[in-house]
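Chemist: Could you have a look at this structure, given as structure tokens, before my questions?
The values are calculated or read from the model by the stated rules, or taken from the named source; none is laboratory data. All values reported here derive from a predicted model rather than from experimental measurement. Here the Cβ positions follow ideal geometry from the backbone for every residue, glycine too, while neighbour counts run over all protein chains shown. We work out accessible area using only protein heavy atoms, side chains counted, and drop any ligands, DNA or RNA first. Shrake-Rupley method; radii C 1.70, N 1.55, O 1.52, S 1.80 Å.
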Amino acid sequence: MSKIYVVGIGPGGREYMTPQAEAAILASDAVVGYTVYVKLIEHLTEGKKVVSTAMRGEVERARIALDLALKGKTVSFVSSGDAGVYGMAGLIREVAEGHPEVEIETVPGITAAMSGAAVLGAPLIHDFAVISLSDLLTSWELIEKRISLAAEADFVICIYNPKSHKRREHLDKAVDLIMQHRSGDTPSGYVKNIGRDGQKSVVLKLSELKGNDDIDMFTTVIVGNSQTRVINGELVTPRGYDHDGKSEK
């Protein structure tokens, strides 16, 4: 039976990749993915057919992966982070809808919310929302609504795709929306190039995210809620335990 592994490779570093993800890639005849992500796993692709395309070639890559599987190949279709969080796990199933004979298995990975939070401390200990600022596939009006409602509900907010070369103002607009519901002094932070060369993390106030040219498309931003604190330079969102270690009602 033809098979496609949809593999989340984590943020980039080998230590962030799960044994299951590595085993799936090693068991595959072919690897398909975005050029940057394929390069991150080139130590696992020797002797395999490797097909990579540039950014925004997602549908093309999915069709290539399906075509290879239909030819009897075992294929790893790779995503950064987790394949089921803004990844390829949904798209490949849509593209392969007419081919139930192709087995598809999602191999989870560590998404940027988790790896970024680990670098910043412990900001996601309580309820949180993950929102992408990319309006390529989602209208900006809907993104604004989601940001506003998450801010009003006092979720910690993890922001993916905060800026790109063409989208320079979206993060500033998002911060303005959040500040309608919480203080500009709210502890926040961001991490660039998580798990890769050049990793950088910064803890700062919510208001200081505006006009911050250090943030780019390889950055994950986390905005604390009304309870988030800075403890020894790290972000911490209390879960509600008392000092005896019992959960408060």
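Chemist: 5 Å is the cut-off here: which amide hydrogens, built 1.01 Å from N in the peptide plane, fall below it relative to SER79, excluding neighbours closer than 5 in sequence?
Modeler: Correct list: VAL7, GLY8, ILE9.
Chemist: What do the square roots of 5 times the Cα gyration tensor eigenvalues come to for the stretch 27-111, in whole Å, largest first, as semi-axes of the equivalent ellipsoid? Working shown, then result.
Modeler: Values: eigenvalues 63, 48, 29 Å².
Its equivalent ellipsoid spans semi-axes of 18, 16, 12 Å.
Chemist: Calculate the FRET efficiency for SER183 and GLU234 from the Cβ-Cβ distance with a Förster distance of 22 Å, rounded to the nearest 0.05.
Modeler: On the way: r = 19 Å, r/R0 = 0.88.
With R0 = 22 Å, the Cβ-Cβ based efficiency is 0.70.
Chemist: Then there is this: Once phi is turned into θ = phi - 60°, what whole-Hz ³J(HN,Hα) does the Karplus curve with 6.51, -1.76 and 1.60 give for every residue of the stretch 97-110, x standing for Gly and Pro?
Modeler: Coupling constants for the stretch 97-110: 3, x, 10, x, 6, 8, 7, 10, 10, 8, 10, x, x, 8 Hz.
Chemist: With all protein chains present, calculate the accessible area of LEU40 using a 1.4 Å probe and round the result to the nearest 10 Å².
Modeler: Looks like 50 Å² after rounding.
Chemist: Provide the convex hull volume over Cα atoms per residue for the stretch 1-144, in Å³. Don't jump to the answer; show the numbers that get you there.
Modeler: On the way: hull volume 17.8 nm³, N = 144.
So the per-residue hull volume is 123 Å³.
Chemist: Below 22 Å, Cα to Cα, which lysines can LYS39 reach? Residues fewer than 8 away in the same chain don't count.
Modeler: Cα-Cα hits under 22 Å: LYS48, LYS49, LYS73, LYS192, LYS200.
Chemist: Now a separate question. So what are the ³J(HN,Hα) numbers for the stretch 166-174, from phi and the Karplus equation (6.51, -1.76, 1.60; θ = phi - 60°), rounded to whole Hz, Gly and Pro as x?
Modeler: 9, 10, 8, 9, 4, 5, 4, 5, 5
Chemist: Note down the accessible area of ASP154, probe 1.4 Å, to the nearest 10 Å².
Modeler: Rounded to the nearest 10, the figure is 50 Å².
Chemist: What does the extension gain come out to for THR35 and GLU94, with contour length at 0.36 nm per residue minus their alpha carbon separation?
Modeler: Working: separation 59, 0.36 × 59 = 21.24 nm, distance 2.21 nm.
Working it through step by step, the gained length comes to 19.0 nm.
Chemist: In whole percent, how big is the carbon plus sulfur part of the accessible area of the stretch 165-228, probe 1.4 Å, protein atoms only? Show your work: numbers first, answer last.
Modeler: Working: 1340 of 3030 Å².
The computed percentage sits at 44.
Chemist: Starting from the amide H of ILE125, placed 1.01 Å from N in the peptide plane, find each other amide H under 5 Å away whose residue is 5 or more places distant or on another chain.
Modeler: Amide H neighbours of ILE125: THR237.
Chemist: If you take the Cα atoms of the stretch 154-200, find Rg, then find the Kirkwood Rh from the mean of 1/r over all pairs, what is Rg/Rh?
Modeler: Details: Rg = 12.5 Å, Rh = 12.4 Å.
Rg/Rh: 1.01.
Chemist: In nm, give the distance between the simple-model label positions of LYS205 and MET55, each being 7 Å from the Cα along the Cα-to-Cβ direction.
Modeler: For LYS205 paired with MET55, the spin-label model returns 3.2 nm.
Chemist: Expressed in nm to one decimal, what extension gain is obtained for the pair ASP242 and ALA122 from 0.36 nm per residue of sequence separation less their Cα-Cα distance?
Modeler: On the way: separation 120, 0.36 × 120 = 43.20 nm, distance 1.70 nm.
Taking ASP242 through ALA122 to full extension adds about 41.5 nm, to one decimal.
Chemist: For the chain, compute Rh as the Kirkwood radius over C-alpha pairs and then the Stokes-Einstein diffusion coefficient at 20 °C and 1.002 mPa s; write the answer in µm²/s, rounded to an integer. Don't skip to the answer; put the middle values down first.
Modeler: Numbers: Rh = 19.2 Å.
In µm²/s, the coefficient is 112.
Chemist: Roughly speaking, what is the centre-to-centre gap between the stretch 202-235 and the stretch 86-163 when only Cα atoms are used, to the nearest Å?
Modeler: Each part reduced to its Cα centre gives a spacing of 18 Å.
Chemist: Karplus couplings for the stretch 210-217 from phi (6.51 cos²θ - 1.76 cosθ + 1.60, θ = phi - 60°), rounded to Hz, Gly and Pro as x?
Modeler: In residue order, the calculated couplings are 5, x, 8, 7, 6, 8, 9, 6 Hz.
Chemist: Also, quick follow-up: Can you give the FRET efficiency to the nearest 0.05 for GLU169 and GLU46, using r as the Cβ-Cβ distance and R₀ = 45 Å? Display every interim value, and only then the final one.
Modeler: Values: r = 43 Å, r/R0 = 0.97.
Between GLU169 and GLU46 the formula returns 0.55.
Chemist: Amide H to amide H, which residues 5 or more places from VAL50 or on other chains are under 5 Å from it, using H placed in the peptide plane?
Modeler: VAL31
Chemist: So which GluC sites (Glu not before Pro) in the stretch 81-125 pass both tests, a DSSP loop state and at most 16 other Cβ atoms within 10 Å of the Cβ? Walk me through the numbers on the way to the answer.
Modeler: Details: sites: GLU94, GLU97, GLU101, GLU103, GLU105; in loops: GLU97, GLU101.
For GluC sites (Glu not before Pro) across the stretch 81-125 that sit outside H, G, I, E and B with at most 16 neighbouring Cβ atoms in 10 Å, the list reads GLU97, GLU101.
Chemist: Have a look at the DSSP beta bridges in the chain and tell me what percent are antiparallel, nearest 5.
Modeler: Looking only at bridges with both residues in the chain, the antiparallel portion is about 40 percent.
Chemist: Find the accessible area per residue for the chain; the probe is 1.4 Å, ligands and nucleic acids are left out, and the unit is Å². Don't skip to the answer; put the middle values down first.
Modeler: Values: 12530 Å² over 249 residues.
Result: 50 Å² per residue.
Chemist: If you take the Cα Rg of the stretch 112-249 and divide it by 2.2 N^0.38 Å, with N the number of residues, what do you get?
Modeler: Working: Rg = 14.6 Å, N = 138, 2.2 N^0.38 = 14.3 Å.
Against the compact-globule rule of thumb, the ratio is 1.02.
Chemist: Could you work out the equivalent-ellipsoid semi-axes for the stretch 173-235, taking the square root of 5 times each eigenvalue of the Cα gyration tensor, largest first, in whole Å? Don't skip to the end; give the middle numbers.
Modeler: On the way: eigenvalues 83, 43, 13 Å².
Result for the stretch 173-235: semi-axes of 20, 15, 8 Å.
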